[in-house]
Structures are given as structure tokens and as C-alpha cells.
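Only one structure is covered here, and it is reproduced in the block below.
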Amino acid sequence: MKSYNLTYKQYGERAILINWPSKIEENILKDIINYKNKIVNYNIKSIVEVINTYNSLTIIYTTTIDNIYSEISNLKSIYKKPTINKHDQNYCWDVPVCYDQEFGFDLQEISDVNGIPIDEIIELHTGSIYRVFFIGFLPGFLYLGGLPKRLHLKRRSTPRLMVEKGSVGIGGTQTGVYSMQSAGGWNIIGKSPVSFFDLSKEKPCFAKAGDKIKFVPISINEFKKIQVEVAINFYKLRNQVIND
Amino acid sequence: MIKVLSPGFFTSVQDEGRFGYGKFGVPTSGAMDRYSAKLANHILSNKDNDALLEITLGRCNLLFNSQAIISISGADFSPEINNQKVRLNTSIAIHQGDILTFNKPTYGVRCYLAVKGGFQTEVVLNSRSFYEGITRQNRVKKNDELAIKSYDFSLIKSVSSVKVQPSHFKCTTIEVYTGPEYNLLNDIQKEQFSKTLFTISKENSRMGYRLQEHIENDLGSLLTSAVLPGTVQLTPSGKLIILMRDCQVTGGYPRILQLTESSINNLAQKTTGDTFTFKIVPLN
């Protein structure tokens, strides 16, 4: 596997930032996750958190880093170690989304402005399989890669003050599900009855970096049925193991 | 039990914060001014991570339904018990039925009320720190009842008070390290950062402080990356945002500066209209 030229920088008193080339690429993500797993596997007591994004790892320490040079050389030696095979399995998750205009209230406008029929927007959005790059912005908010070019749409010029939990949006080159009620500037095309952040679960987020998401269209009636099942903790998301 | 008679401008339960959940997008939270929070806990020989009440800009009234030992650190809101003035930074005995009143600020923005044994509110993801969407509430409301441990105040050993440097509240220099994208700035921008007297705008909260001044900016946005409390972001409009304890775990604006841990505490005691300059200090 390709090895990248990484840059290491101290970020404040307690963190080290490692940067990959500034690109959104699956190979880069794979290298980042491998490195992250190796660091986590070392179980270094002074490390409290390792956060990955598209092209970076941020390693947060419990206290001030005393010797940055030895810390960085320690991390560099971990990068060179062989990949760990024994880590969490990745899954592809089927996420139900209702694209009815009751929920997808920007569909008509997007269709008019961009000249794409609503049916085609839904077909394009559900036809792609998205890679989870990381979680950020809100608890449980997945940053997804793989939105078809035809659906790259400008953000709304004025963000909405309140977007409901579960709303599915498109903003620029990205698509995602609002895991909590929030202000937001994305175009809303549907809504998922599934919880992306559930504190009653041992792992509050079902998906993690490296997983995949497939959006499956459902009717309003199915939406309501699943909503009830989710509320009584009866709904089980469908998933498949992925090996890639 | 403490009953909230009036919550004041913004009051919440905080401990040191929520660690290890950034991978789920969960912010750290925790006391804005960790120095003062730690001091309040130390005075009572509590643990550093014991939960306390963070009271912003005073005007808060609390009724104690049990006896307790408390300490108050941070901003001075001229606290009174049953209309009798009490001192900051010392142990105070509380009788059942006492009313603790915080008045308007004399200095500082956030004060910390510690109780012996810590507040016993709900623990979510290993922390009692309030945060919208994580804990049931994000602020203390009128008539809320906050669980505390009852303590016999005859146990108070010392009543000496700790002296805090006034500079903790009054300093006009905020010490910073250069941030990951500092080197993207040109010389004019760097000079603007080091010479400008910055003013805190009215948009300041536990999430972040927006500053009024404007820096010429042609950097645009970055690929979304991790951010930390104390990160100074330069937005496309040229305005600066200093992220605070409740900030999101990722952001897309260039991270120009990073406040030192103690400067985050200093800034937490400043509010709308306060001014300061940045002073870059070396890392290590």
C-alpha cells in the first residue's frame, strides 16, 4: 500500500496534528484509519483522543506535551509498523429515507433551478454508495463522500435557523443527515426515521469512519412505521460486512 | 438538594468535560474557566472533576434544602447568604433553608459554585457537563432541583481564603501559539494579528467568541479538519472566531492561532465590548 509524505505539527499545548495531502480520497482515508488503529492499539496512556478527518489525524494528549520531538518520532515509528488486521469490521448500512416533499421541501426548488426532475434527484441520491469519512459538526453527523456530480448544489444563501433531526441534505459537494436539530444551510431533500446519535446505545453512533451508507427510498407510511419501531427500540438497521 | 429560585442569565452544571467521544462528534464542554473551577473544588478538597455550577453574569438565587459546605470562585457577583455578604475563595457553611444570592458583577463574567462532594446531576458519556442534545437540559431553569450531597459543616477545618491575582480577570493580553495554518498568512496579515486591539462582539457564548475587527482575508476555507477549544479561526469574511469549550470537534476555516490553556481561562472571564491584544508565545 502507498505510503504518504506526512507533516507533523504541534497544535497547542496538548495536541499533534498530522496532515496528509489536502484531498478527499478513499486511499488517503484508508491510510489514515490504518494509522489511527495502530495508534489506538498501542494504548498510550497519555493519549486521550485520536480524531480523523478527510486528510488529518489529531492526537490529543491528557496534559501538556513535554517533549514534542520524542512524541513525534514515537508516532512516526508507529506509522511504519505493519497494519493491524484485528480491528473493528466495516459495514455498509441501508439507511431508509423518505423523499416525499412533505420532508424534502427543497426538492421542487432544486429541480426547477437545476433542471433535474425530482424522480431523477432521488434516483441519483439513492443510486450511489457513500463512504463515511468521519463524524463531526454535530454529534453523530456523518461526513460522506461519493455524491454524484449532478447533485453538487450550492448551499442555501440564508441558512435555516432550525433543521429537524433526521433531515437529509445536500450542501456543495456533500450530502448528509442532520443527526440533531440544528441550524443549517443545506438543501433538504428528505428525512430518515433512523437515529444517528442514540445515547441509549453503548455505541451512540452505528456507523464509523470507513463504513458505507446506502440510502433506501421509503414511503410516508413506511417512514411512520419505522419511526414507531425506532421509538420502542425495535428497529434494526440492515447492514452487510464490507471487505475492501 | 438545591432549588433554583432564579437561574440568572445563563447557569449550567460543568465538570472538566467529556473526553474520548470526539470520534462521535461530541464536544468536550466543561468549565469555561478551568482555573477558577479547579480552585473552587480544591478549597473543599473535592476532586478536580467534581461537577460545579457555572454562573454567568450573576443575578442567580438558590435555596438550599439541606446543609452543605460550599465555596465560590471566579467572577465576583457580590454573593450573599440570607442577605449577608460572603467571601469568595473560602469554605462556607450552609444551613438548611439558606438562600444564596448572586448579584450583578463587580468583576469577571463566570463564577463557580462548588459543593462538598460535587453536584450529583446525571452523568452522560462519563461527564455531568451540560450540553444541548447530550444532557437532558443545557441550562439550569427556575424551579429545577439540583442534587447535592448533604454535609455536616462542623467538618470545616480551615476558613482561610485564597488570594487570586486580579490579572486573571483584568489582563489585556491573550497569549497564543501559532496555529496550524498561521503560515498561510502574508506579512501584512501577521502584523494585523499582532498589532490590532481586538473587541469581543455580542456574539459570545460557551461555543465561541466572535470578534468585531476585520482582517484582510483571501484564504477561503479548508478541507474540514479537527478544531480545539482555544482555536482562533479566520472566516472568509475576515472576522475572527475564538472557539471555546462547547465548540464542535471539526471546522473548515483556517486555524490561525491557538490560545494557551491559561488564556482560554482568562478569555472566559471577558465578555461583550472587552478588548485585548494577542501575544504570540513559542511552543516549548
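Each value in this text was obtained by applying a stated rule to the coordinates, not by laboratory testing. Quantities reported herein were computed from a predicted structural model and do not represent experimental measurements. Every residue, glycine among them, receives a Cβ derived from its backbone with ideal geometry; neighbour counts consider all protein chains shown.
Count charges around A:Arg156 for me, please; just the other residues with Cβ under 10 Å from its Cβ, Lys/Arg as +1, Asp/Glu as -1. If you can, show how the numbers build up before the last one.
Details: positive: A:Lys154, A:Arg155, A:Arg160; negative: A:Asp106, A:Glu109.
Taking every Cβ under 10 Å from that of A:Arg156, the sum is +1.
Between A:Ile68 and A:Ile242, what is the FRET efficiency for a Förster distance of 41 Å, r being their Cβ-Cβ separation, to the nearest 0.05?
Efficiency computed from Cβ-Cβ geometry: 0.65.
Going by alpha carbons, how many degrees (0 to 90, nearest 10) lie between the helix axis of A:220-231 and the longest principal axis of chain A?
40
Calculate, for A:Ser157 and A:Lys225, the FRET efficiency according to 1/(1 + (r/R0)^6) with r their C-beta to C-beta distance and R0 45 Å; round to the nearest 0.05. Please report the intermediate quantities before stating the final value.
Numbers: r = 36 Å, r/R0 = 0.81.
After rounding to 0.05, the efficiency reads 0.80.
Would you please state the base-10 log of I(q)/I(0) at q = 0.22 1/Å for segment B:36-159, with intensities from the Debye formula using one equal scatterer on every alpha carbon?
Evaluating at q = 0.22 Å⁻¹ gives log10 I(q)/I(0) of -1.47.
Please build a GNM for chain B, connecting alpha carbons under 10 Å apart, and tell me which residue among B:Thr106, B:Thr11, B:Thr199 fluctuates the most.
The residue that fluctuates most here is B:Thr106.
Which of A:Lys212, A:Lys76, A:Lys38 moves the most in a Gaussian network model of chain A with Cα springs under 10 Å?
Of A:Lys212, A:Lys76, A:Lys38, the most mobile in the Gaussian network model is A:Lys76.
Please label the shape of segment A:7-80 as rounded, prolate or oblate, based on the square roots a ≥ b ≥ c of the eigenvalues of the alpha-carbon gyration tensor (a/c under 1.5 means rounded; beyond that, a/b larger than b/c means prolate, else oblate). Write out the running numbers ahead of the final one.
On the way: a/c = 1.85, a/b = 1.54, b/c = 1.20.
The shape class here is prolate.
Between B:Ile156 and A:Lys76, how many nm apart are label points set 7 Å from Cα along the C-beta direction?
So the two model labels end up 5.7 nm from each other.
Using a 10 Å cut-off on Cβ atoms, rank the peptides A:156-168, A:231-243 from the highest mean neighbour count down.
Values: A:156-168: 15.3, A:231-243: 11.1.
Going by the mean number of other Cβ atoms within 10 Å, highest first, we get A:156-168, A:231-243.
Hey, any idea what the orientation-averaged projected area of the convex hull of the protein assembly as shown's Cα atoms comes to, in nm²?
Over every viewing direction, the Cα hull of the protein assembly as shown projects on average to 25.9 nm².
Considering only segment A:90-242, what is the antiparallel percent among its DSSP beta bridges, to the nearest 5?
Working: 24 of 31 bridges.
Counting DSSP beta bridges with both partners in segment A:90-242, the antiparallel share is about 75 percent.
With a point put 7 Å past each Cα toward its Cβ, work out how far B:Arg210 is from A:Glu26 in nm, to one decimal.
4.0
Give the shape of segment B:91-140 as rounded, prolate or oblate, defined through the alpha-carbon gyration tensor: a ≥ b ≥ c are the square roots of its eigenvalues, a/c under 1.5 means rounded, and otherwise the shape is prolate if a/b is larger than b/c and oblate if not. Can you show the working numbers first?
Values: a/c = 2.31, a/b = 1.44, b/c = 1.60.
Taking the square roots of the gyration eigenvalues as a ≥ b ≥ c, segment B:91-140 is oblate.
Just want to confirm a number: the relative contact order over segment B:18-100, from Cα pairs under 8 angstrom separated by 6+ residues, in percent.
Details: 103 pairs, mean separation 23.9, N = 83.
It rounds to 29 percent for segment B:18-100.
What is the spin-label model distance, in nm, from B:Lys104 to A:Lys203 if the labels are put 7 Å beyond Cα along the C-beta direction?
5.4
List the GluC sites (Glu not before Pro) in segment B:1-89 that DSSP assigns to loop (not H, G, I, E or B) and whose Cβ has at most 14 other Cβ atoms within 10 Å. Which are they?
Working: sites: B:Glu16, B:Glu54, B:Glu80; in loops: B:Glu16.
Those that pass, being in a loop and sparsely packed, number zero.
Work out the P(r) tail for chain A: percent of alpha carbon pairs separated by more than 25 Å, whole number. Write out the running numbers ahead of the final one.
On the way: 14282 of 29646 pairs.
Across chain A, Cα pairs with separations above 25 Å total 48 percent.
Write out the GluC sites (Glu not before Pro) in segment A:32-111 meeting two conditions: DSSP loop, and at most 15 other Cβ atoms within 10 Å of their Cβ.
Values: sites: A:Glu49, A:Glu71, A:Glu102, A:Glu109; in loops: A:Glu102.
The qualifying sites are A:Glu102.
With the Cα gyration tensor of segment B:230-284 in hand, give its eigenvalues times 5 under a square root as the equivalent ellipsoid semi-axes, listed largest first in whole angstrom.
The three semi-axes for segment B:230-284 are 17, 15, 13 Å.
Any chance you could give the angle, 0 to 90 degrees and rounded to 10, that helix A:68-80 forms with the longest Cα principal axis of chain A?
70
So which residue, out of A:Ser179, A:Ser73, A:Ser200, gets the largest mean-square fluctuation from a GNM of chain A using Cα contacts under 10 Å as springs?
The residue with the greatest mean-square fluctuation here is A:Ser200.
Relative contact order for chain B: what is it in percent, counting Cα pairs under 8 Å that are at least 6 residues apart? Present the calculation step by step, with values, prior to reporting the outcome.
Working: 744 pairs, mean separation 60.4, N = 284.
Averaging sequence separation for qualifying contacts and normalising by length gives 21 percent for chain B.
Can you list which of the trypsin sites (Lys or Arg not before Pro) found in segment B:37-73 are DSSP loop residues with at most 13 other C-beta atoms within 10 Å? Each step should come with its number before you reach the end.
Working: sites: B:Lys38, B:Lys47, B:Arg59; in loops: B:Lys47, B:Arg59.
Passing sites in segment B:37-73 are B:Lys47.
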